[in-house]
1. Return a yes/no flag: does segment 442-462 have any residue that is modelled with pLDDT of 85 or more, closer than 19 Å to ILE386 by Cβ, out of contact with any Phe, Trp or Tyr (no Cβ under 9 Å at 6 or more places or on another chain) and assigned to a loop (DSSP other than H, G, I, E, B).
2. Conditions first: (1) closer than 18 Å to ASP512 by Cβ; (2) in a helix (DSSP H, G or I); (3) among the polar types (S, T, N, Q). SER419 passes all but one, so which condition is the exception?
3. Within segment 224-239, does at least one residue satisfy the condition of being within 30 Å of PRO278 (Cα to Cα) and in contact with a Pro (Cβ under 8 Å, 6 or more places away or on another chain)?
4. So which residues in segment 524-540 are buried (at least 19 other Cβ atoms within 10 Å of the Cβ) and not in a loop (DSSP other than H, G, I, E, B)?
5. Kindly establish whether GLU543 is surrounded by fewer than 18 Cβ atoms within 10 Å (Cβ to Cβ) and either at pLDDT 95 or above or in a loop (DSSP other than H, G, I, E, B) (or both).
6. Identify all residues within segment 197-209 that are free of Cβ contacts under 8 Å to residues at least 60 places away in the same chain and surrounded by fewer than 16 Cβ atoms within 10 Å (Cβ to Cβ); write none if there are none.
7. Pairs, please: C-beta under 9 Å, at least 6 apart or cross-chain, first residue more than 19 Å from HIS566 (Cβ to Cβ) and basic (Lys, Arg) and in segment 495-515, second surrounded by 23 or more Cβ atoms within 10 Å (Cβ to Cβ) and modelled with pLDDT of 90 or more?
8. Consider segment 19-40. How many of its residues are assigned to a loop (DSSP other than H, G, I, E, B), of a type in the set (Asp, Glu) and either surrounded by 12 or more Cβ atoms within 10 Å (Cβ to Cβ) or at pLDDT 85 or above (or both)?
Amino acid sequence: PQNFFQYLCTLKTFVKRSNFTIFLNEVTKTSGDEFSVIYETNALKVRALLLTAEQKQPMQCDSVNDFEASETTYEPPQKKPKLDFSEQLHFDRMKVTKTEYSYKGKLNIRVDQPKTDMSIKPERSAVCYICKLPDIPGKFDAKKALALGLKKGPSYGKLTKGESVTTEEGVTITPDQVISPSTSGPIFVIINCPLDEMVEQLVHDPRWSTFFDTVCCMIHITPQNIFNQALYKEFVRKFSKTNHIVLNKESCTQHNTVYLSSRTIQKKLNLLSNDMFPLTASQQHIDPQHGFTCAENLQKFILTPINQQGINHEEAKQFLEDEPIEHTTITTIPCVPQPNNKWEQMVQSMSDTDFEVTFLGTGAALPSKYRNVSGILINLFERGGIILDCGEGTLGQLHRVYGAETENILKNIKVLWISHLHADHHLGVCKLLYRRSLLTSNKVVLIAPKALETFLIESSACMGIDFNFVNFVTINQLINQQNDNEFVHIRNIREHLNVDFKVVPVDHSCKDSFAAILRINDKFPIIYSGDTRPCLNLMKIKECGILIHEATFEDELGEEAIKKKHSTFGEAIHVGGEMDAWRILLTHFSQRYPKIPVLEGEFGIRSMIIFDLMKINAKQMRDLPSYLEPLRLLFAEELEKLQKERGKEDDV
């Protein structure tokens, strides 16, 4: 769609790939007898239709002029980049004078730039795709060939290649005499019509007339209120021979992961606690109306062979069916009460709606099928919610945990806090802000490094997102600045959420890396480390109810932890001990531990390893460490496999 180049440019600071070339083809409005071809190979031809609507929601930029390309030109820096995000590379809204940009050294990023001046159009757009597979060749009829006096041999091959041949009697035989006519390749269409203003553009385009009888499958990524409009229904009825598949949030409410093995693990964990390890929210779809099919996870539409063409539900059925789980009885022994511990006393006096911690991602670097990247929701129920880090996939994880309640959770989020500018901690921010903006006009307070504000302002030119920004480098100095705009946002957090918010710098490979200190009800401290080595700034904090600390590597990989500025399991527990933390929750595990990290050594009575989609209420915190031994039993087979693999590595 339009402005996608701008979106790619916003990622320049965070997403870097060696020798990775992007060929960008932004779809534009076209006229003529046919939809414009945007992609073509021997296997597929893709045409496109651009739908547009005026941008009603105000952008971050002050005027339309801000969207135009400036006269400033972009000259690529000829130095090797560092993991230092203080230097911003601004080439958005600039005329590009070179067809590529790169750094000398190992990093070499090339982007195929547009030939015309780049400008950002202040409008919303969506693209519909018309896709055609190659024509299916006709079949060779050997009986006809024999009847025409043609003997079996090389001449058969020539005819199938489209060449004419001559029999021994001198009779010329052409391919059409022995080969049936070819069949037109299957055509499928993807309709993306998200806005009312786009409906007339879609349905009144005369170029659709050539496709009414030829499309085998049409996928409607269309909101139900638009799908139900009379004008849209009339458009759909014209494709009477087409299989129509509806893909929208109203009719397709499955939010399970498509990974069956991940779902199986969640069901195993659920044996320990229904509340703490909830099954992923899944609701059966409601057919929008007769004659249409709702999309399901793992559902397929078979295009070829033609005699098998149609919707295939086999894998979808397997996904929906409950895989049998061996119901092993595993009991937990409640932790010994610590009546003299003030944090335990405080938690026990709380209600079920004081706070709840939901882990939306507990893996490091990249998402895997078992662990998403960093994301934590501190749910304060009626008062609101706080997101601590927001890696890609955070929004999807919210749907998996909360199902139909997700919209209320999104509207209720008041604060987004980003620990540092590594992509696995913030690439989900734009999507979450955009989806939230469709539900409420109330702005979220975003607390993050200053460079993230630049990224989001640039992104707002492509999507309607809005926020109140607070630079967390200065957050601790805002207390006495009564007239400062950022202070007003922090004061509102304190007043409406009854949460005191502070930060401390930590030791990580990314500049401006911080830990968050939250005091719930202005008294109970929850501290989140972000990514860090064991850090004195944290260890000197002696008031800690719950410490959520990264534990990327097992203890045997201490050198790698030092090199990459992360912590080992043992180091994280040591930090918690120095802080006299009541509970230590370990997260941000390397994806080399796909299901469960190696559980060695003494974790003590304070610690617990955390899983994706784990939801812990304030009152459950006391007995949390009691689940550690049952986890060893539940994942005994996986832990044994990890130990064997590690033994093989030691033998090499």
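The values are calculated or read from the model by the stated rules, or taken from the named source; none is laboratory data. Worth saying up front: this structure is predicted, and the values here are computed from it rather than measured. Cβ atoms come from the backbone with ideal geometry, glycine included; neighbour counts cover every protein chain shown.
1. Scanning segment 442-462 turns up at least one residue that is modelled with pLDDT of 85 or more, closer than 19 Å to ILE386 by Cβ, out of contact with any Phe, Trp or Tyr (no Cβ under 9 Å at 6 or more places or on another chain) and assigned to a loop (DSSP other than H, G, I, E, B).
2. Exception for SER419: condition (2).
3. Yes - at least one qualifying residue is present in segment 224-239.
4. Selection gives PHE524, PRO525, ILE526, ILE527, TYR528, LEU538.
5. So GLU543 fits the description; yes.
6. Answer for segment 197-209, where residues must be free of Cβ contacts under 8 Å to residues at least 60 places away in the same chain and surrounded by fewer than 16 Cβ atoms within 10 Å (Cβ to Cβ): GLU200, HIS204, PRO206, SER209.
7. Matching pairs, first to second residue: LYS502/ALA516; LYS502/LEU518.
8. Selection size over segment 19-40: 2.
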